[in-house]
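What follows is a short report on a single structure.
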Amino acid sequence: MVGFALEAFSAFLLSLAVVASPVQVERRAEAVPSFHVVPEVNFTSVAPSVTLQNISSLGSNVFLTSKDDVTDQPDWLTSVVGKPDANGLSSAPVTIVLVNKPNGILDAFFFYFYSYDHGGKVLGIEFGDHVGDWEHTMIRFTNGAPTAFYLSAHSGGSAYTFDASEKTNGRPTSYIGVGTHANYATSGQHCHDLPGDLLCDQTDAGPIWDPVLNYRAFWFDSSTNTFTIAGGAGVGADEIDSEGASWLSFQGMWGDEQYDFLEHGQYCLELGSLEECRFSSGPTGPIAKNLGRTAVCQTESGCTVATSL
Ligand SMILES: *[C@@H]1O[C@H](CO)[C@@H](O)[C@H](O)[C@H]1NC(C)=O
Ligand SMILES: *[C@@H]1O[C@H](CO)[C@@H](O)[C@H](O)[C@H]1NC(C)=O
């Protein structure tokens, strides 16, 4: 579950045909990193530790809180563990979730976990950092053919017809923002959330991350809210059976709770109608990302599927 921070790269997303017959790749023997977190509720520990096998026993109010003070610059904050090599192989498996739906629809979600979100600067002041970051892209298949592409970004995201998306080897391309890991269909600067281009993500065609080389894949049944193992490639294949699928049912937060004023150097400012803080809370996991959605977008109301980039 290690991600890497502060790098811009494009992730080339696999088609279902590739999921069904994963290519043979060199397997790196790499142990599952232990969780350097303590489960906490309201900044108070509720268990000494967690494992992937027992994390789902914890409630939705639990924050998986870093044992390290992030303002002390722990090594993992700037680590390049997980940065893809020249072949696009990352040592961090992508988590794929496949969901069958009515009308011949299959949604293939690609979840990317990063250990830290570096929010960005507004007028030179840092805002919106948090421990833990889950982002996703989704390819919708209709009667076996890819028809739409969704990219998560901050509280929203964007959707395109499959035909409109930029392809690399026939697969849609996502450009991932430096620090925030927001996904975009085009490279360059993308401003969000604040007027006047005050807060912007930067993307470019950096190192390629090819999920087909290393992933764990699961089926999700939205009528019973359960995950089952589908299979994997690379490290993801080696580890998926011992990890199981129950960890995906954890409803809590994959990072620290928003620090109180002055704790860990916390500050907050009113920006227009918004209150923005240096540190916000860690994110919920894949189960909270509307896997059973009917529309292509995570937020279904007003979802527009663009027909051009
Ligand atoms: C959280 O802990 C603080 C300090 O112990 C306490 O004052 C507060 O009521 C708690 N909040 C909740 C929601 O339990
Ligand atoms: C999970 O298992 C570990 C190892 O057996 C144990 O130390 C820990 O307390 C357990 N955590 C929970 C939340 O059950």
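Against the condition acidic (Asp, Glu) and within 16 Å of ligand 1 (Cβ to nearest atom), how does Glu135 come out, does it pass?
Answer is no for this residue.
What's the number of the condition Asp241 fails, among (1) surrounded by fewer than 21 Cβ atoms within 10 Å (Cβ to Cβ); (2) of a type in the set (Asp, Glu); (3) farther than 28 Å from Thr51 by Cβ?
Exception for Asp241: condition (3).
Return the residue satisfying two criteria in turn: it lies in region 24-63 and is part of a loop (DSSP other than H, G, I, E, B) and among the acidic types (Asp, Glu), and of such residues it is modelled with the highest pLDDT.
Here the answer is Glu30.
Looking at Phe261, is it among the aromatic types (Phe, Trp, Tyr) and loosely packed, with under 15 Cβ neighbours inside 10 Å?
The answer is yes for Phe261.
Restricting to region 147-162, name every residue that is at pLDDT 95 or above and closer than 19 Å to Tyr184 by Cβ.
Scanning region 147-162 gives Ala148, Phe149, Tyr150, Leu151, Ser152, Ala153, Gly157, Ser158, Ala159, Tyr160, Thr161, Phe162.
Can you find, within region 281-309, the residue that is surrounded by the fewest Cβ atoms within 10 Å (Cβ to Cβ) among those that are within 14 Å of Gly156 (Cα to Cα) and among the hydroxyl-bearing types (Ser, Thr, Tyr)?
Here the answer is Ser301.
Residue-by-condition table, conditions (1) at negative phi; (2) among the hydroxyl-bearing types (Ser, Thr, Tyr); (3) in contact (Cβ under 8 Å) with a residue 40 or more places away in the chain:
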residue: Gly128; (1), (2), (3): no, no, yes
residue: Met138; (1), (2), (3): yes, no, yes
residue: Phe141; (1), (2), (3): yes, no, yes
residue: Pro146; (1), (2), (3): yes, no, yes
residue: Gly157; (1), (2), (3): no, no, yes
residue: Lys167; (1), (2), (3): yes, no, no
residue: Pro172; (1), (2), (3): yes, no, yes
residue: Gly177; (1), (2), (3): yes, no, yes
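Being among the charged types (D, E, K, R), under 16 Å from the mean Cα position of the chain (by Cα) and assigned to a strand (DSSP E or B), is that true of even one residue in region 209-218?
yes
Conditions (1) at positive phi; (2) in contact (Cβ under 8 Å) with a residue 24 or more places away in the chain, marked per residue:
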site: Phe227; (1), (2): no, yes
site: Ser246; (1), (2): no, yes
site: Ser273; (1), (2): no, no
site: Ser280; (1), (2): no, yes
site: Gly285; (1), (2): no, yes
site: Asn290; (1), (2): yes, no
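Restricting the search to region 173-188, which residues are within 15 Å of Pro207 (Cα to Cα), crowded, with 24+ Cβ neighbours inside 10 Å and of a type in the set (A, V, I, L, M)?
Ile176
For region 91-115, what are the residues that are farther than 25 Å from Phe162 by Cα and either modelled with pLDDT of 95 or more or part of a loop (DSSP other than H, G, I, E, B) (or both)?
Selection gives Ser91, Ala92.
Condition (residue is within 18 Å of Ile287 (Cα to Cα), surrounded by fewer than 15 Cβ atoms within 10 Å (Cβ to Cβ) and within 16 Å of ligand 2 (Cβ to nearest atom)) applied to region 65-81: is it met by at least one residue?
From region 65-81, those within 18 Å of Ile287 (Cα to Cα) are none; that's our starting set.
There is no residue in region 65-81 that is within 18 Å of Ile287 (Cα to Cα), surrounded by fewer than 15 Cβ atoms within 10 Å (Cβ to Cβ) and within 16 Å of ligand 2 (Cβ to nearest atom).
The values are calculated or read from the model by the stated rules, or taken from the named source; none is laboratory data. These numbers come from a predicted model, not from an experiment. Cβ coordinates were reconstructed from backbone atoms using ideal geometry, including for glycine residues, and neighbour counts include every protein chain displayed.
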